[in-house]
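Below is one structure, written out as structure tokens; comments come after it.
The values are calculated or read from the model by the stated rules, or taken from the named source; none is laboratory data. As the structure is a prediction and not an experimental result, all values here were calculated from the model. FYI the Cβ positions are ideal-geometry reconstructions off the backbone, even for glycines, and counts take in every protein chain you see. Ligands, DNA and RNA are excluded from the accessible area calculation, which covers all protein heavy atoms including side chains. Shrake-Rupley method; radii C 1.70, N 1.55, O 1.52, S 1.80 Å.
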Amino acid sequence: MYNWEEFITLVEDSTTKKELYSLFFADESVRQHEIFNLPDDVVLAIPENSCLRKDSTQVIYYGNSRFDVWCCRLLPQQVVCLSLFDGIRTLYEVAEVFKFLSGCNHTAADLKVRYFLRTIDALETEKLVNLSKNPTARIQTINAKDFLIKNSKLCYRLDAPTSLIIMPTDKCLTDCEYCYACRRTIHEKNLLSVKRILELVDEAHEIGVIGINVDGGDIFARKEYQEILERMLAYKIEPSISTKGYVSKEKSKELARIGLRWLQVGLDSTREMCDKLVRRRGYFDRIVETIYNLNDVGVRVRTNSIITRESLHLLPELVDFLMTLPLTDIKVAPAFLGLFRGNESMLLTTLQKQWFRRIMEEKEKQYPDHKINWECEEDILDAPVEQIAERFSSRPYCSSGRTQIVITPDGKVVTCEQSPQEGEFVCGDVTYQSIMEVWNSEALKKWYEPSKELFIGTVCYDCDVFTDCVCAMGHCWLQVLKIRGRLYDAHPYCPKGKKPKQHWN
């Protein structure tokens, strides 16, 4: 571990000003990050299933983590650093090589290496695998020379997507009270044909897509689901599937045979309440049986639980029950309003959110060996101004139109799965366009790089960080539309914009 009080005096690095090292660690959370506590003899390596791709100005390092594709954009020095993790060198030896390459002492080199690992969250989602803990992991090595780009620079948008959302059907197997989906009725003759879907999967593989979120609608509501999934899995494209359908023993075996590894099912509450929320009698028992059927054939299962005002009091009982099931992890979150349906009577009040957070914190302590994912933000009207500003500045990078697009059941292309699927929101049509034709179109560009002139009369128009904020980080059009009533306005969290007058989720 570093002695931070003495650290600055130990640094001899002609390429980095000493003041910058102080700034790096001004935040206590950075100093406490697990990366800086890793022993020098740890051996890290690049997982076999991660990908490296040269874009026009940067290198993309990306991979699949269960239900999401992670993506890191790298500059040449970072590519070189990544290449040193060959499964043989220890962390100390990597720093020694980096010391030689960058012309500084070991302490400065070690700091740079660890800071790089922290920047890409190397241990999160196994962007690098720790061979000291998992010596049998399958790994790969890379030659940095193959990925170096002259005059490189980081760009917020990729040359081609790394993931897609494809909606094979608009049909659902339940009718959830809290549903946020568009659920636009599409005549069966207007659905993308299986032939066309398979062609899109072929193209996705060719351009480097490694993850497809199979959304909708429920994939199992389309009779050709097996053919679609089999094509994805043949290319080692990981399909992220969330279902509320019953999966029999026979279907479970077939899914395992074609190579499916993960599946998410909805389990929102205890028996009677769960059936009520999805409006299907006997649903709870069928989905529990589904979990066991999938587990028996080695398909790992995550549950997703949406908590409403009516079901909140059953939350402790629900979590306790989930802990008895053969699950990989669980996900729990309060219901929220979409653009299309739902009502505020479902949403948790401020006090109920506080209780929700307390219960989930207690359950994390009660079950330390289980993976529990949960989220419950304070409403914007209840949180302090400083907290809202921090939430805005630390909001996640938006993937819409930057790393992925959404293909609707009839082939229309939009930027977000919660988006309306008609009118100005449509930016392409894969019934006659390829994925890359849509990706490079002006119709899509207006969503990821909108003209500043569209924001005349708002604080965004006069803002000096418009490009970094709206274009680079991404503008959440749906949140803006939902609370502001129009598309071209400041994000509700923006400290420069007017504070919303009503609650929202």
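Observations
- Test set (1) over 29 Å from residue 182 (Cα atoms); (2) under 24 Å from the mean Cα position of the chain (by Cα) - residue 296 fails condition number: (2)
- Of the helices (runs of 4 or more DSSP H) contained entirely in the stretch 435-490, those carrying at least 3 residues that are surrounded by 14 or more Cβ atoms within 10 Å (Cβ to Cβ) and modelled with pLDDT of 90 or more fall at 435-439, 442-448.
- Scanning the stretch 177-208 for residues being assigned to a loop (DSSP other than H, G, I, E, B) and free of Cβ contacts under 8 Å to residues at least 60 places away in the same chain gives a total of 3.
- Boolean, residue 54 is basic (Lys, Arg), farther than 15 Å from residue 95 by Cβ, at pLDDT 85 or above and open to solvent by 60 Å² or more (accessible area, probe 1.4 Å): yes
- Number of positions in the stretch 350-383 that are modelled with pLDDT of 90 or more and assigned to a loop (DSSP other than H, G, I, E, B): 6
- Of all residues in the stretch 339-358, those that are closer than 29 Å to residue 66 by Cα, touching a Leu at 6+ places or on another chain (Cβ under 9 Å) and surrounded by fewer than 17 Cβ atoms within 10 Å (Cβ to Cβ) total 1.
- Checking each residue in the stretch 65-85 for being crowded, with 16+ Cβ neighbours inside 10 Å and either acidic (Asp, Glu) or in contact with a Cys (Cβ under 8 Å, 6 or more places away or on another chain) (or both) picks out only 73.
- Taken over the stretch 179-223, the residue count meeting the criterion of being charged (D, E, K, R), within 30 Å of residue 308 (Cα to Cα) and surrounded by fewer than 21 Cβ atoms within 10 Å (Cβ to Cβ) is 2.
- Test for residue 369: is it surrounded by 14 or more Cβ atoms within 10 Å (Cβ to Cβ) and not polar (S, T, N, Q): no
- The criterion of at least 1 residues that are charged (D, E, K, R) and under 27 Å from the mean Cα position of the chain (by Cα) is met, among helices (runs of 4 or more DSSP H) falling completely within the stretch 71-122, by 106-119.
- Top-ranked residue of the stretch 152-174 - restricted to ones that are of a type in the set (A, V, I, L, M) and in a loop (DSSP other than H, G, I, E, B), ranked as most open to solvent (accessible area, probe 1.4 Å): 154
- Among the residues of the stretch 395-426, just one is of a type in the set (Lys, Arg), open to solvent by 30 Å² or more (accessible area, probe 1.4 Å) and part of a loop (DSSP other than H, G, I, E, B), namely 395.
- Long-range neighbours under 7 Å by Cβ, at least six apart or interchain, first residue in contact (Cβ under 8 Å) with a residue 60 or more places away in the chain within the stretch 141-168, second among the small types (Gly, Ala, Ser) and exposed (fewer than 15 other Cβ atoms within 10 Å of the Cβ): 159/56
- Of the residues making up the stretch 210-227, just one is among the β-branched types (Val, Ile, Thr) and in contact (Cβ under 8 Å) with a residue 60 or more places away in the chain, namely 210.
The rows are residues; the columns are (1) over 19 Å from residue 138 (Cβ atoms); (2) surrounded by 19 or more Cβ atoms within 10 Å (Cβ to Cβ); (3) at pLDDT 95 or above.
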residue	(1), (2), (3)
8	yes, no, no
28	yes, no, no
43	no, yes, yes
58	yes, yes, yes
61	no, yes, yes
89	no, no, yes
101	yes, no, no
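- Residues (over 26 Å from residue 403 (Cβ atoms) and out of contact with any strand residue (DSSP E or B) (no Cβ under 7 Å at 6 or more places or on another chain)) located in the stretch 114-144: 114, 133, 134, 135, 136
- The lone exception for residue 121 - which of (1) closer than 30 Å to residue 35 by Cβ; (2) open to solvent by less than 80 Å² (accessible area, probe 1.4 Å); (3) in contact (Cβ under 8 Å) with a residue 60 or more places away in the chain; (4) among the charged types (D, E, K, R) it fails: (3)
- Residue in the stretch 68-78 that is touching a residue at least 60 places away in the same chain (Cβ under 8 Å), more than 24 Å from residue 109 (Cα to Cα), in contact with a strand residue (DSSP E or B) (Cβ under 8 Å, 6 or more places away or on another chain) and not aliphatic (A, V, I, L, M) present: yes
- Matching entry among 268, 329 (being charged (D, E, K, R) and crowded, with 17+ Cβ neighbours inside 10 Å): 268
- Qualifying residue in the stretch 131-146 (condition: outside any loop (DSSP other than H, G, I, E, B), open to solvent by less than 10 Å² (accessible area, probe 1.4 Å) and within 30 Å of residue 91 (Cβ to Cβ)): no
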